[in-house]
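The values are calculated or read from the model by the stated rules, or taken from the named source; none is laboratory data. Only a predicted model underlies this, so the values are computations on that prediction, with no experimental measurement involved. For neighbour counting, all protein chains shown are included, and Cβ atoms are generated from backbone atoms with ideal geometry for every residue, glycine included.
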């Protein structure tokens, strides 16, 4: 039994180190090449029903893979939805968003680079230039 105790301790330490390394090496907002700035968040006030979130975000670049990863990092609640609209920082963009079917003024649709959407079932869609035919 005494021979196995140091070996079990060593295995426990290795497993703990692997778990800690995995937890602290996840990608975060500082790992992007582009600069993202959250302009507005619209969220329903109560927590009794589905939590619907609408984000308006500006970016310094048009790296769509990073926009999709940024969308995946946004909070999500089961039975709720999360929408993230991306605009280039040098183009016109809405200063505020709202929940519902139409999330911002139509005049900004042509400047929308991408839309990330996660529905109440957890299904994700990412659209590039979502308002252009």
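Does residue 67 fit the bill of being at pLDDT below 90, crowded, with 16+ Cβ neighbours inside 10 Å and under 14 Å from the mean Cα position of the chain (by Cα)? No: the conditions fail for residue 67.
For segment 13-30, the criterion of being in contact (Cβ under 8 Å) with a residue 24 or more places away in the chain and part of a strand (DSSP E or B) is satisfied by no residue at all.
Mind listing whichever residues of segment 86-110 are exposed (fewer than 15 other Cβ atoms within 10 Å of the Cβ) and either under 16 Å from the mean Cα position of the chain (by Cα) or assigned to a helix (DSSP H, G or I) (or both)? The answer is 106, 107, 110.
Whether any residue in segment 41-54 is touching a residue at least 12 places away in the same chain (Cβ under 8 Å), outside any helix (DSSP H, G or I) and over 21 Å from residue 122 (Cα atoms) is what I want to check. No, there is no match, as no residue in segment 41-54 is touching a residue at least 12 places away in the same chain (Cβ under 8 Å), outside any helix (DSSP H, G or I) and over 21 Å from residue 122 (Cα atoms). Is it true that residue 33 is part of a loop (DSSP other than H, G, I, E, B), surrounded by fewer than 12 Cβ atoms within 10 Å (Cβ to Cβ), touching a residue at least 12 places away in the same chain (Cβ under 8 Å) and in contact with a helix residue (DSSP H, G or I) (Cβ under 9 Å, 6 or more places away or on another chain)? Criteria met by residue 33. Filtering segment 112-126 to residues that are in contact (Cβ under 8 Å) with a residue 12 or more places away in the chain and surrounded by fewer than 16 Cβ atoms within 10 Å (Cβ to Cβ) leaves 119, 120, 122, 124. Is it true that some residue in segment 72-82 is surrounded by fewer than 15 Cβ atoms within 10 Å (Cβ to Cβ), in contact with a strand residue (DSSP E or B) (Cβ under 9 Å, 6 or more places away or on another chain) and closer than 16 Å to residue 103 by Cβ? Scanning segment 72-82 turns up no residue that is surrounded by fewer than 15 Cβ atoms within 10 Å (Cβ to Cβ), in contact with a strand residue (DSSP E or B) (Cβ under 9 Å, 6 or more places away or on another chain) and closer than 16 Å to residue 103 by Cβ.
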